[in-house]
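S.K.: Right, I'll just put the structure down here and ask away after.
The values are calculated or read from the model by the stated rules, or taken from the named source; none is laboratory data. Because the structure is a prediction, the values reported are computed rather than measured. Positions of Cβ are generated from backbone atoms using ideal geometry, with glycine treated the same way; all protein chains shown enter the neighbour counts. Surface accessibility is based on the protein's heavy atoms, side chains included, excluding ligands, DNA and RNA. Shrake-Rupley method; radii C 1.70, N 1.55, O 1.52, S 1.80 Å.
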Amino acid sequence: MNVLVVDVGGSSVKVLATGQKEPRNFPSGPKMTPKQMVSGVKQITSDWKYDVVSIGYPGLVHKGKPAAEPHNLGRAWVGFNFKSAFGCPVKIINDAAMQALGSYRSGLMLFLGFGTGLGSALVNEGSVVPMELGHLSFKKGTYEDYVGLRGLKRFGMKKWERYVVYGVARLVDALHPDDIVLGGGNSMKLEQLPPGCRRGANANAFLGGFRLWEAKNGRPPSRTKVRSK
């Protein structure tokens with residue numbers, strides 16, 4: 001079965017299919033609708049063959065469907081028929097959860113994605129649980145206010161890094177994970193990772209998309225290799 005993985009972001013849409021080595025992409029932006037996204041994906045993958053689609057969605061997903069409109073894209077995502085638009089089965093998952101699934105090794109893993117906000121998910125025995133830890137209280141605001149992009153711009157690099165270390169430690173004390181992965185573009189700005197953490201690669205989002213279609217606990221991780229840029 002050939003899988004097409006679509007990673008939808010606020011600035012670009014990235015795609016990769018089973019058997020392909022190099023991802024392709026096109027610009028997204030604050031006005032992009034789901035219909036425009038599907039059209040763009042079909043245009044740049046016209047020479048690829050796929051049977052099913054995985055979509056990493058930058059927003060709340062409930063029961064496999066977008067439950068809220070994304071902050072950095074256009075509207076009409078909630079209620080859109082992706083299966084009909086692509087003409088094949090589609091699985092939708094939060095984008096942070098998709099990267100978390102692709103980063104998973106074993107045990108209970110906590111994934112934290114440091115970008116515009118704070119993406120988060122837990123993975124246990126291959127099952128992913130999307131979370132909204134960025135909305136938890138933190139000092140005089142929320143986690144996203146201090147360790148998201150707003151916090152980085154407001155407090156500067158050194159203070160932001162201290163908040164990241166402190167914030168991660170609080171979550172570890174509460175959740176007791178076996179493994180902690182820090183992803184997202186801003187995680188690359190950390191000079192030193194908090195204790196017990198490892199850095200995740202953005203390319204793992206594609207691996208997570210492939211794993212969505214693998215039999216739960218019954219097959220090894222996908223062997224598809226993604227060249228990280």
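S.K.: Could you state the orientation-averaged shadow area of the convex hull built on the Cα atoms of the chain, in nm² to one decimal?
M.R.: 12.1 nm²
S.K.: Could you calculate the FRET efficiency of residue 159 with residue 214 from 1/(1 + (r/R0)^6), where r is the beta carbon distance between them and R0 is 41 Å, rounded to 0.05?
M.R.: Efficiency computed from Cβ-Cβ geometry: 0.45.
S.K.: Hey, got a sec? Which GluC sites (Glu not before Pro) in the stretch 125-179 land in a DSSP loop and have at most 14 other Cβ atoms within 10 Å?
M.R.: Qualifying residues, ordered by number: 125.
S.K.: Most fluctuating residue of 89, 23, 130 in a GNM of the chain with Cα springs under 10 Å: which is it?
M.R.: Evaluated over the chain, the most mobile residue of the options is 89.
S.K.: Leaving out same-chain residues fewer than 8 places away, which lysines sit with a Cα under 18 Å from that of residue 35?
M.R.: In chain and number order, the partners are 14, 65, 83, 91.
S.K.: Measuring with a 1.4 Å probe in the full set of protein chains, what accessible area per residue, in whole Å², belongs to the chain?
M.R.: Per residue, the chain has 52 Å² of solvent-accessible surface.
S.K.: Further question on the same structure: Quote the relative contact order of the stretch 1-133 in percent (integer), defining contacts as alpha-carbon pairs under 8 Å separated by 6+ residues.
M.R.: So the answer I get is 19 percent.
S.K.: To continue, here is another question. Which residue, 151, 115, 107, has the most motion in a Gaussian network model of the chain that connects Cα atoms within less than 10 Å?
M.R.: Its mean-square fluctuation being the largest, the pick is 107.
S.K.: Using r as the Cβ-Cβ distance of residue 62 and residue 1, and R0 as 35 Å, what FRET efficiency do you calculate, to the nearest 0.05?
M.R.: Once the sixth-power term is evaluated, E becomes 0.85.
S.K.: Please give the contour-minus-distance gain from residue 173 to residue 135: 0.36 nm per residue of separation, less the Cα-Cα distance, rounded to one decimal in nm.
M.R.: 11.9 nm is the gain from fully extending residue 173 to residue 135.
S.K.: For the stretch 5-31 and the stretch 139-199, what is the separation of their C-alpha centers, rounded to whole Å?
M.R.: Their Cα centres are 26 Å away from one another.
S.K.: Taking the chain as a Gaussian network, where each spring joins two C-alpha atoms under 10 Å apart, which residue of 47, 95, 179 fluctuates the most?
M.R.: In the Gaussian network model the winner is 47.
S.K.: Listed here are the pairs 31/158; 31/63; 42/153; which of them are more than 27 Å apart at the Cα?
M.R.: Correct reply: 31/158; 42/153.
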